[in-house]
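Read through the structure below, which is laid out as structure tokens, and then see the notes.
Taken together, the values in this text are just the output of simple stated rules run on the coordinates, not laboratory data. As the structure is a prediction and not an experimental result, all values here were calculated from the model. Quick reminder, even Gly has a Cβ in these numbers, built from the backbone with ideal geometry, and neighbours come from all protein chains shown.
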Amino acid sequence: MRAEMLALGRAQAELSGDPVVKGLYDWATGLSEEGRYAEAADAMTELVAAILPEGPADGGLAWTLLEWTATLHDAGRCDEALAAFETLVSMQAAEAAHERGPMACHLHSLIGYARMLDTNGRGEQAALVRQEALALLTELADTGERKSWSGYQASFWAVLLNISGAESDRPAPDGPRPPSGAAPLRWSPDAERRYFDSRHALREEVDTLAARATEDPDRHLAELVRPHRVLTVRSAVYWQNRTHLFAERVRSLFDEGMGLARRLSQHDPTDGTRTLAKILIDRSTFHTAAHEFRAALDDFRQALSYLGEAN
């Protein structure tokens, strides 16, 4: 059906001369749900080329750039994904500077960009981006946002958090998966149900591993941290999409993750310390989404100290 819609959209665009093909976005999203990332990346690239000249469009372009970036990365086109992320970061910086967009969204995009740089072995560049994020977060902690916003910053954070968990959270290929970089409102009902229902099995897995980690932390503690983060990410996305009181629903999970990461860093100072920094940054972004900017800054500064990047 999406393919038929796209064919109609192409015919209509050819007649009208409109560069934006209707149905292209839905086609790309469907391809991503099926794991056909190369095709999805091509479709998103075509869409972005058509809409980018129109500018931010009241924030709408940012969501498309976010999905484009994630889809390119899933397709293995990492250099293109990083270039796309840089485009998003630059646009968010300009929007925040001219008070057309929240500083928090600029911050979340910077932190997400640094994560992707790290994933692709560009640690020095990632460290520089984190210094930009630190300066912005310091301003938020001191003065708050420069103006009041509607609150979509938390949704933007949730999508970026989901992207950050994709490397270790790829669902089994026996059904649809959430399209990378898309907000849950864009997911098909089957993908949404499959993704969120898995939280119950994850909770059981985490509880089982927690008991084993208590008895034999050297063997099971690192094994426990991964599914706990997956559970945290999925729960954060679930509750953020359902209530503005999401922070209280998932706060304990972020705190539990911190406790696990601290224990891991004691047992394995090398890998564990880097994991601790990652979990601290996770919780920092959570605090930012909850408008707890001072707590966010404290966590972020701690993370930078563990990474050897503190000023």
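Checking every one of the trypsin sites (Lys or Arg not before Pro) in the range 178-251 against DSSP loop status and a limit of 16 other Cβ atoms within 10 Å picks out R242. Students often get this wrong: which residues of the range 226-261 have the backbone nitrogen under 19 Å from the point 7 angstrom along Cα-to-C-beta of R219? Those under the cut-off are 226-227. Working note: 222 nm ellipticity from helices only, DSSP H runs with n ≥ 4, each -39,500 (n - 2.57), summed and divided by the residues of the chain, gives -25500 deg cm²/dmol to the nearest 500. Label separation (A97 vs H291): 2.8 nm, computed from points 7 Å beyond Cα along the C-beta direction. Taken about its Cα centre, the range 150-311 carries a charge dipole of about 420 debye when Lys and Arg each add +1 at the Cβ and Asp and Glu each add -1 at the Cβ. Computed on the chain, with alpha-carbon pairs under 8 angstrom and 6+ residues apart, the relative contact order is 14 percent.
If I model the range 37-137 as equal point scatterers sitting on the Cα atoms and use the Debye formula, what is log10 I(q)/I(0) at q = 0.11, 0.17, 0.24 Å⁻¹? Each listed q maps to, in turn, -0.32, -0.74, -1.26.
A simple charge model with +1 on the Cβ of Lys and Arg, -1 on the Cβ of Asp and Glu and nothing else charged puts the dipole of the chain at about 540 debye relative to its Cα centre.
Taken along the Cα-to-beta-carbon direction at a fixed 7 Å, the label points for R242 and N311 span 4.1 nm. Coupling constants for the range 259-276 follow from the phi torsions by the Karplus curve (6.51 cos²θ - 1.76 cosθ + 1.60, θ = phi - 60°), and in residue order they are x, 5, 5, 5, 5, 5, 5, 6, 7, 9, x, 6, 6, x, 5, 5, 4, 4 Hz; glycine and proline get x.
Label-to-label distance for D298 and S188 is 4.5 nm, based on points extended 7 Å past Cα in the beta-carbon direction.
Which FRET efficiency value, to the nearest 0.05, is calculated for Y152 and A211 with the Förster distance at 30 angstrom and r the Cβ-Cβ distance? Efficiency, from the Cβ-Cβ distance: 0.15.
Suppose the Debye formula is applied to equal point scatterers at every Cα of the range 1-72; what is log10 I(q)/I(0) at q = 0.19 Å⁻¹? With one equal scatterer per Cα and no solvent, log10 I(q)/I(0) is -0.75.
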